[in-house]
Each structure stands twice: as C-alpha cells, then as structure tokens.
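One structure is given here, and the rest of the page talks about it.
The values are calculated or read from the model by the stated rules, or taken from the named source; none is laboratory data. Remember, it's a predicted structure, so these values are computed and weren't measured experimentally. Virtual Cβ from ideal backbone geometry, glycine too; neighbours counted across all protein chains shown. When the accessible area is computed, the model is the full protein with side chains, heavy atoms only, and any ligands, DNA or RNA have been set aside. Shrake-Rupley method; radii C 1.70, N 1.55, O 1.52, S 1.80 Å.
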Amino acid sequence: MFNAEKPSLDELPSSAQLIRSTAIAAASAVAILVTVVLPAEYNIDPTGIGGVLGLSEMGEIKAQLAEEAEADRLMELEADEQSSLMNDFFGLFVGAAHAQEAEIWRDETTFTLAPGDSAEWKLVMEEGQTVEYRMLVDGGRVNFDMHGHGGGNSVTYEKGRGSTGDEGEIIAAFDGEHGWFWRNRDSQPATVTVQVRGEYTEFKDAS
C-alpha cells in the first residue's frame, strides 16, 4: 500500500554506534541517579551537585518526614501497648474486688422452695449485736417474715410479700434467735440464697 523506500545497509547504525549510544544512555542514567534522584529522594549527595541545585534540601525534608512518620508509628504502638496493659490491670483489679466481695460473707445458704413449701433459718445473737444480710430469690417470689424470739421475748423486724430479694441489717433486740421464715406462695419453684456476716454465734436451719 505504501511505497516507502527501505534504508540501505549504509544508512543503518553500525554495531559500534549502537554500543556507544547504549553506553551514553547508561552513563546519563547513572548521572541522573547520582546528581538528582539520590539527593532528592534519599538525601545522599556524593557529588555535591544536589546541594547546588537545592535537591539535597528536598531529600532532607523527605528524610525528616519519614523519620517523623516512623516516630509517630512507634508512639502509637507504645500507646496501644500501654492501653492494653491498663485494661489487663483494670480487669485483674475488678476481678480481685469481686472475689474479695464474694469472700467477705461469713456464711451462706441456698435452698429451693416448691410452691407451698416453707423454710426457716435463724442467727443466734446477743442483744445489741448487728448482722448484715443479703437475700436473693431466683425463679419465683416468696413471702417472708424476719423476726426474733428468746427469753419470753419476740419481735418482728420486717415482712415481705412477693419478694424477689432484700438486703439490710438485723440489730438484735434481745438475746435469742433472729432470722427469717419463708413461704413460697408462687406457682413455680423459687431458689433462695441468704448471705450473712457480722456479730453472731451460729447461723442454723430452724425449719
């Protein structure tokens, strides 16, 4: 389609010319690398030309930015490690606090009342002694009567209906037995747990 004339052999570059051109291109690439790329990108200026052209300053800025980025990364890593350590320490502290709270109750009892069943537990106390208590009800509700008796005396401290739990303290009004009577008036079983601590001689089943 096209009638372009093919170049003659004399017009083609010789092998020596090709080698010389390749050598010149390679030398130019090395020169650009040494005088431009290394100073500008890595702040390496073996010839001093980069400083004259202002490229070394550019390389210094890039190197400084890289150092600052690495420093920021290390600081963030250190902060994450410290945060993880603080979380671990806080978890251990909370766990120890919960364990300590669970251990400071002097006595504990748990029983299950079927519908209509009852139970009674008493503390043997002297007049003026104080007991702290916690009552937990799981699965249902109970009625209770917290009272005391002894030496011909009797007293009612508190009554509850449909209770799912209670806590407080008993201060013995006289020498004797002080505690609770429970009855399950609900239609399903109820599990009662009572924890006590304080001044008393005995915590016993008085059913």
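List of remarks:
- Met75 - accessible surface, heavy atoms, 1.4 Å probe, Å² rounded to 10: 130
- Subtracting the Cα-Cα distance of Met75 and His149 from their residue separation scaled by 0.36 nm leaves 19.8 nm.
- For the range 138-145, backbone phi angles converted through the Karplus equation (6.51, -1.76, 1.60; θ = phi - 60°) give residue-by-residue couplings of 10, x, x, 9, 9, 9, 9, 10 Hz, Gly and Pro being listed as x.
- Rg and Dmax, both from the Cα atoms of the range 154-207 and both in Å, are 12.7, 37.
- Between Thr112 and Gln64, the distance separating the two model label sites (each 7 Å from Cα on the Cα→Cβ line) works out to 7.6 nm.
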